[in-house]
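Notes follow once the structure below has been shown.
No lab work stands behind these numbers, since they all come straight from the coordinates. What you are looking at is a predicted structure, and each value in this text was computed from that prediction instead of being measured. Positions of Cβ are backbone-derived with ideal geometry, glycine not excepted, and every protein chain shown enters the neighbour counts.
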Amino acid sequence: MQLSKLKITWLQFILMINGVQVGIGIASLPRTLAEKAGSSSWIAILFGGILSTIFSMIIVKIREKEPNKSISTYFQSFVGKIFGKILTFIFSLYFLIFGYVVLERTVLYIKTYILQQTDFLILLILFLIPTLQLLVGGVSVIAKYAEVLFPVVIFIFFMLLFTLKTANINFILPIIKDGWIPIFKTIPVTIMSFLGLESIYFLYPYLDKKEKAMSGVIIANLLTTGIYLFETIICFIVYSPDEILTIFDPPLAILNVLEFQYLERIDIIIIILCISIASTTWIPYMWMGFTGLTESINIKRFIYFILCIFLIFILFSIYKTPTFKLNELYIKVLSNTGAIVVVLMPILLWVGKKLKKIFQTR
């Protein structure tokens, strides 16, 4: 299908970028920040948001040069046909693997908090079925899915307010306890949590009003920054500086103890909703991965290709039993890779364009 027939609205563009950014980092960010710079580390989120916004604007400016080209033809216009396909393949493989790792993390949450006796493989297959349906539906369906799930994000953060009855504002005072150096050292960690902005390379040609892309990425990053600040500050004033270091996923731990007089096991409902938020990360990531790979190696049967890769995911989960420790390692490696991609990709495309012009003139 032609790109001209597949369109997403400006709001969907914003929510897809925000969903990809927030989906998985939101659970562990408060603990990670506290480990680096204590309760003053929330300030680093502001710097991370600013840097993420700047890089997002750079990507939009670069993408404007070839606004309607798919990811493969776009890269080919900069670095030539062969290198363009290789670059697309590597870039797409990164998205696909990252998508699986986020899905694996989500299944681990389900198994740990809700279905302890259920085998990981069964849960993985159950998650892959609706994922397949959304992937086959394409970017328009995935964009609508992100739009529908956004009120769930608002609801989850509204529920966090009920935890403030045990809050202690003194836990984050004074605001800058150990000076600015620890805060600056924490900025790279916050930048990792804003990964997902590289999805702009894929999403831009589908945006129906491309002149609003710049405002879209700014709002998406502001939204992500606000969400991270809100949950991090709440975690920092509910848990003491020492206590938060012992909790693997502080936001989930807070929500897990919520109780209401006329509603039992509200924690199960909230955890399920939190996990649904993670799907706004792995589904777009997988879609971008599958889309790029089908373009780079000219695959015609999209659905059969997805099924083959899903089979590889299943076999991998059988061969290597997933654990939180392993998954944390995968996410760390992929996050570092993603940060390198965000920084180096504009430079690589610029150099490729210059070299292509030089060879063409010869």
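Considering only GluC sites (Glu not before Pro) in DSSP loops that have at most 14 other Cβ atoms within 10 Å, the longest stretch of the chain without any of them is 65-242.
Could you tell me the distance between the Cα centroids of segment 183-245 and segment 53-67, to the nearest Å? If you average the Cα positions of each part, the centres end up 17 Å apart. Taking 7 Å along the Cα-to-C-beta vector as the label spot, tell me the residue 46-residue 256 distance in nanometres, rounded to one decimal. Output for this residue pair reads 3.2 nm.
Projecting the Cα atoms of 225, 172, 199 onto the charge dipole of segment 137-231 (Cβ charges, centred on the Cα centre) puts 172 farthest toward the positive pole.
Each peptide in 182-188, 116-122 gets a packing score, the mean of other Cβ atoms within 10 Å over its residues, and the list from highest to lowest is 182-188, 116-122.
With 0.36 nm allotted per residue and the present C-alpha distance subtracted, the residue 165-residue 336 stretch has 57.8 nm of extension available.
Of the DSSP H helices in the chain, those with a Cα length along their own long axis of 30 Å or more and a mean Kyte-Doolittle hydropathy reaching 0.0 comprise 10-37, 43-63, 81-113, 139-160, 213-238, 266-296, 324-361. Counted residue by residue at 0.36 nm each, then reduced by the alpha carbon distance between them, the extension gain from residue 326 to residue 185 reaches 48.3 nm.
Counting only Cβ charges, +1 for Lys and Arg and -1 for Asp and Glu, the dipole size of the chain around its Cα centre is about 1820 debye.
Averaging 1/r over every pair of different alpha carbons in the chain and inverting the result gives a Kirkwood radius of 21.3 Å.
Dividing the helix sum by the residues of the chain, where each DSSP H run of 4 or more adds -39500 (n - 2.57), gives a mean residue ellipticity at 222 nm of -25500 deg cm²/dmol. Take every Cα pair under 8 Å whose residues are at least 6 apart in sequence, average their separation, divide by the length of the chain, and the relative contact order is 41 percent. Estimated at 0.36 nm per residue, the fully extended path between residue 173 and residue 125 surpasses their Cα-Cα distance by 12.6 nm. When only DSSP loop residues count, what trypsin sites (Lys or Arg not before Pro) in segment 63-170 have their Cβ near at most 14 other Cβ atoms within 10 Å? Passing sites in segment 63-170 are 65.
Building the convex hull from the alpha-carbon atoms of segment 107-231 and averaging its projection over directions returns 11.7 nm². Checking every one of the chymotrypsin sites (Phe, Trp or Tyr not before Pro) in segment 200-307 against DSSP loop status and a limit of 10 other Cβ atoms within 10 Å picks out 262.
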